[in-house]
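Reading through the structure tokens given below for one structure.
The values are calculated or read from the model by the stated rules, or taken from the named source; none is laboratory data. These numbers come from a predicted model, not from an experiment. No Cβ is skipped: glycine too gets one built from the backbone with ideal geometry, and neighbour counts run over all protein chains shown. SASA here: full protein model, heavy atoms, side chains in, ligands and nucleic acids out. Shrake-Rupley method; radii C 1.70, N 1.55, O 1.52, S 1.80 Å.
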Amino acid sequence: MKSARLNRLFGVSGNCFDVAIDHGMFNERTFLSGIENMKTAIEVIAQAAPDAIQLPPGTAPMLQAIPGKQRPALVLRTDIANIYGNPLPSQLFSEMIDRAVEQGVALDAACVVVNLLMLPDQPEVYRACVRNVNSLKRECEIYGMPLMVEPLVMQDNSKGAYMVDGAIDKILPLVRQAAELGADIIKADPCDNVEEYHRVVEIAQGLPVLVRGGGRVSDQEILVRTKQLMEQGARGIVYGRNVIQHNNPAGMTRALMAIVHDKASVEQASLLIG
């Protein structure tokens with residue numbers, strides 16, 4: 001029942017705010033800021049009631065253990081990559097967890113997510129990601145599990161770890177490939193010129209596009225950008241560090257939910273942060 005799981009993921013507005021707390025999966029010390037205590041981090045965000053929380057299999061049970069019917073849906077991270085350090089390891093990989101969709105079903109996930117990584121001069125990582133998407137696609141169809149694909153175009157790592165390339169001419173073909181490989185949902189980076197994001201939405205061929213948050217920025221910048229992206233046709237957002245590293249994660253969650261679901265202005269959303 002893929003449609004039933006999608007209904008759990010997207011709100012009545014038709015949009016979705018997925019808070020990503022899966023950074024610990026990637027074995028990088030800098031990614032752990034704000035999530036040293038995962039149980040607390042998950043509970044704080046869950047109480048602010050986003051549509052979903054994105055977690056790896058090891059900590060997903062912490063979300064699912066929260067009692068009641070109102071807890072956020074689970075988006076299960078299914079892959080691990082070692083591409084975020086600086087300097088990079090001598091050998092790079094992107095590996096999927098074992099029986100990813102079965103784990104998603106067992107954990108009562110509403111969706112599974114996998115990367116489609118494009119790094120300069122790293123064709124083997126890209127090839128591994130294509131294989132991962134291909135292997136997940138058929139399993140997702142069998143089990144009725146929505147597949148979120150995360151096409152990420154990265155800069156050369158020498159410019160700094162975890163740096164995204166916002167060139168729209170690189171983003172567009174990778175987003176389209178994710179759609180052609182069978183994604184049900186696209187999670188894509190913003191482009192350098194936010195006003196061009198409607199082109200990313202268009203190239204996804206009607207699939208819902210959720211925008212990735214990226215690095216930590218000021219409250220004003222993230223709220224303004226989110227408002228612009230939603231006005232460009234995005235169906236929601238997947239933000240991590242701009243929520244979990246905020247001094248008021250619950251307040252920022254409420255502010256972003258107001259923009260995503262209620263079309264709140266930046267000024268109205270800012271008042272909810274506190």
Check your understanding: When ranked by the protection proxy of mean other Cβ atoms within 10 Å per residue, highest first, what sequence do the peptides 16-22, 189-195 form?
Key -> 16-22, 189-195
Review point. Across the chain, how many lysine pairs, 8 or more apart or on two chains, come within less than 25 Å at their alpha-carbon atoms?
Key: 13
Practice item. State in Å² the accessible area per residue of the chain; use a 1.4 Å probe, count heavy atoms of protein chains only, and round to the nearest integer. Key: 43 Å²
Check your understanding: Under a Cβ-Cβ cut-off of 11 Å, what is the net charge of the residues other than Ile142 that fall near it, where Lys and Arg count +1 and Asp and Glu count -1?
Key -> 0
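Using the Kirkwood formula over every pair of different C-alpha atoms, what hydrodynamic radius in Å results for region 122-209? Spell out each step's value before the answer.
Numbers: mean 1/r = 0.0730 Å⁻¹.
It works out to 13.7 Å.
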Exercise for review: Could you rank the peptides 51-57, 205-211 by their average count of other C-beta atoms within 10 Å per residue, with the highest value first?
Suggested key: 51-57, 205-211
Study note, to complete from the structure: Which of [x] 46, 40, 37; [y] 111, 41, 28; [z] 60, 52, 34 is the computed Cα extents along the principal axes in Å? It is [x]
Review point. Please state the equivalent ellipsoid semi-axes for region 158-225: what are the square roots of 5 times the Cα gyration tensor eigenvalues, largest first, in whole Å?
Key: 21, 14, 11
Practice item. On a C-alpha basis, how far is the centre of region 217-274 from the centre of region 1-73 in Å? Whole number, if you could? Key: 17 Å
Practice item. Take the Cα gyration tensor of region 106-257, multiply each eigenvalue by 5, square-root it, and list the three semi-axes largest first, rounded to whole angstrom. Key: 24, 19, 16
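Sorted by average packing, counted as other Cβ atoms within 10 angstrom per residue and highest first, what order do 90-103, 251-264 take?
Working: 90-103: 15.1, 251-264: 21.4.
Taking the mean over residues of other Cβ atoms within 10 Å, the ranking is 251-264, 90-103.
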Practice item. Using every pair of alpha-carbon atoms in region 82-154, split the distances into 5 Å bins beginning at 0 and state the percent of pairs per bin, rounded to integers. Key: 3, 16, 26, 20, 15, 11, 6, 2, 0
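Only four residue types carry charge here, +1 at the Cβ of Lys and Arg and -1 at the Cβ of Asp and Glu. Report the dipole size of region 17-121 about the Cα centre in Debye, rounded to the nearest 20.
280 debye
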Study note, to complete from the structure: Calculated from DSSP helices alone, with each H run of at least 4 adding -39500 (n - 2.57) and the total divided by the residues of the chain, [θ]222 nm to the nearest 500 comes to -11500 deg cm²/dmol
